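Below: the structure, in C-alpha cells.
The values are calculated or read from the model by the stated rules, or taken from the named source; none is laboratory data. This one's a predicted model, so the numbers in the text were calculated from it and none came from an experiment. A quick note on method: Cβ atoms are made from the backbone with ideal geometry, for glycine too, and the neighbour counts reach across all protein chains shown.
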Amino acid sequence: MTFANLDGVTLSKECPKIITPITPRTLEDLEKQALELGGQKLEDYKGRELAWDTNDQEGSAPTFISDIVEWRIDCYDYALDPGAITHAAAILRARTPLPILATFRTTPEGGEKDMATGQYIRLLTTLANSGSVAGIDVELSRGREVIATILQAAHSAGSSVVASAHDFSGTPSSRAIVDTLTAMEDSGADIAKFVCMPKDPGDTLKLLQATWDASQKLEIPIITAAMGPMGTISRVAGGLFGSSATFATVGAASAPGQVPAADLKPVMTTINKWAGRTGCQ
C-alpha cells in the first residue's frame, strides 16, 4: 500500500496534494484563517453553522486551492491546554470542509513551544479522540513508544499518523534521509515526512534523490521538502520524485521557503499535465 486517506483525500506519489498551514494565536484568528482558505471573510460568516454551507445564505460559496489544512497548534496561545485545543478543533472542523492535520511542532524541530512527553501524549491522544481531526503529526524524535501510544489512539478514532523529522542545521546524506523515512515506516506511521535546510542546490539534489529512493522502497506515502530559497524546486516539483504532498501558504508561512498556494497550484497543474498525470487536477 502506497497511499493514505485523510477524510477522503488520498495521499500518494501518483498525485501530490497541497497542504496549507494555519498558525492562529486566538480562536478568532483560527476562524479567520480557516475561512480564508476558501476565500471567505469572517465578517461575512453571518453565524452559519457550517462556513461552507451557503444554501439560502448571503455570500459566495468557498473556493479551495489546497487539499488539506495543517493546524499548527504550537502557535496557539492555549496550546498547552487540551480542553481549549479540543474546543478549538471543533470550531475549526465547523469552519472548513478540508481534512485537518493537527501538528504540535516542538521547539527543537522549529516550533514555538515545547512540552514534556506526558503532556505531548495527552494532547495528541485527546485530539485524536475528539473526532475533529483527520491526521496527527508525531515527531520521530519522541521515540517509538510515544508514537505507538498516539498511533493506537489515532487509528482507533479513524485518523492517520504522520511521523515527521526536521533538520534546520543542514542536509544529511541521501542514505541517511532514506534511513530516517524507513524508521518512520517501521514505527507504524501511515505517512513519513522529512524536511531539511539545504545550503546549496547540491543539498536539494540529495533530498530529491532520497525522495525517489524512498518512494521506490517504502509502502507508505512520503512527504519531503528542502526549506528556504534553495529548496523551492522540491516544493514545486517534489511530486515528480515521489513526494505525496507539498506545503504552501494562504497567509503566513510556517516554515522557510513555503510559496503561496495560489501561485503553486497552476504550476503543479502544468507539471502534472506534462508529466502525463491525467488523473491529477
Answer yes if at least one residue in segment 84-96 is modelled with pLDDT under 95 and in a loop (DSSP other than H, G, I, E, B), and no otherwise. yes
Which of the residues belonging to segment 234-281 are of a type outside the set (Gly, Ala, Ser), touching a Ser or Thr at 6+ places or on another chain (Cβ under 6 Å) and either farther than 21 Å from ASP203 by Cβ or modelled with pLDDT under 85 (or both)? VAL250, GLN258, PRO260
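So is VAL146 at pLDDT 95 or above, β-branched (Val, Ile, Thr), outside any helix (DSSP H, G or I) and surrounded by 15 or more Cβ atoms within 10 Å (Cβ to Cβ) or not? Give the derivation first.
Details: at pLDDT 95 or above: yes; β-branched (Val, Ile, Thr): yes; outside any helix (DSSP H, G or I): no; surrounded by 15 or more Cβ atoms within 10 Å (Cβ to Cβ): yes.
So VAL146 does not fit the description; no.
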Could you list, in sequence order, the residues of segment 156-183 that are in contact with a helix residue (DSSP H, G or I) (Cβ under 6 Å, 6 or more places away or on another chain) and under 15 Å from GLN209 (Cβ atoms)? THR171, SER174, ILE177, VAL178, LEU181
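Just checking, which of SER169, SER187, SER164, SER173 is loosely packed, with under 14 Cβ neighbours inside 10 Å and either at pLDDT below 95 or under 20 Å from THR117 (Cβ atoms) (or both)? Reasoning before the result, please.
On the way: SER187 fails: loosely packed, with under 14 Cβ neighbours inside 10 Å; SER164 fails: loosely packed, with under 14 Cβ neighbours inside 10 Å; SER173 fails: either at pLDDT below 95 or under 20 Å from THR117 (Cβ atoms) (or both).
After applying the criteria, what remains is SER169.
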Looking at GLY238 and the list (1) part of a helix (DSSP H, G or I); (2) without any contact (Cβ under 8 Å) to a residue 40 or more places away in the chain, which single condition is not satisfied? (2)
